[in-house]
Amino acid sequence: MNSNHPHIDLDHGVKVIGDMNNAKKVLTLFIEKLPTYESDIIKFRKSENWEQLKETMHSLKGATCYSSTPALHHCFSELNSLLSNIIIEKPSDSDILSIDHLLDAAYLNIAGTITAFNRLQ
């Protein structure tokens, strides 16, 4: 598995986990769960469950620190920061537009990361 791709950086995974074999295992486990995470994100956004969306982004921000997925880490970090700094009970229309913009980027990066992973196999 080659790590020279914008969506996958196994060298970073090696730095934080310690060796290539475990970095690949963590990446594989994360990729296997990514469709479920995406479904949860869509569900929480549609239901405007901002608190659960915020918790999910916080969890995914942490998970992407170890999963060798820098583009997703950036997206989830941005969403986590935004959701942490708005009034969750009633976000403004401007906040919702910002959330949706960042979610669109996240969905594209999820697809790109899964595609990159499949090509590296």
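The values are calculated or read from the model by the stated rules, or taken from the named source; none is laboratory data. If you're wondering where the values come from, they're calculated on a predicted model, not measured in any experiment. Quick reminder, even Gly has a Cβ in these numbers, built from the backbone with ideal geometry, and neighbours come from all protein chains shown. Accessible surface areas use protein heavy atoms only, side chains included; no ligands, DNA or RNA. Shrake-Rupley method; radii C 1.70, N 1.55, O 1.52, S 1.80 Å.
Which one of LEU72, PRO91, PHE117 has its Cα pushed farthest toward the positive end of the charge dipole of the chain, where Lys and Arg give +1 and Asp and Glu give -1 at the Cβ?
Projecting each Cα onto the dipole axis, the largest value belongs to PHE117.
With +1 on each Lys and Arg Cβ and -1 on each Asp and Glu Cβ, how big is the dipole of segment 3-63 about its Cα centre, in debye rounded to the nearest 20?
40
Can you give the longest run of the chain that contains no GluC sites (Glu not before Pro) sitting in a DSSP loop with at most 16 other Cβ atoms inside 10 Å?
1-47
At ASP100 and SER59, where each label point lies 7 Å from the Cα along Cα→Cβ, what is the point-to-point distance in nanometres?
2.6
Which whole DSSP H helices in the chain pass both tests: a Cα extent of 20 Å or more along the axis and a mean Kyte-Doolittle value no lower than 0.0?
Going by DSSP H runs, the hits are 70-84, 93-120.
Carbon-plus-sulfur fraction of the accessible area of the chain, 1.4 Å probe, in percent?
52
Pull out the extension gain between VAL16 and THR115, defined as 0.36 nm times the separation in residues minus the alpha carbon to alpha carbon distance; nm, one decimal. Numbers along the way, then the final one.
On the way: separation 99, 0.36 × 99 = 35.64 nm, distance 2.34 nm.
So the extension gain works out to 33.3 nm.
In debye, nearest 20: dipole of the chain around its Cα centre with unit charges on the Cβ of K, R (+) and D, E (-)? Display every interim value, and only then the final one.
On the way: 11 positive and 15 negative charges, 84 e Å.
I would put it at about 400 debye.
Please state, to two decimals, what the Cα-based radius of gyration of the chain comes to when divided by 2.2 N^0.38 Å (N = residues).
1.08
Send over a whole-number figure in Å² for the accessible area per residue of the chain, probe 1.4 Å.
Counting only protein heavy atoms, the per-residue value for the chain is 56 Å².
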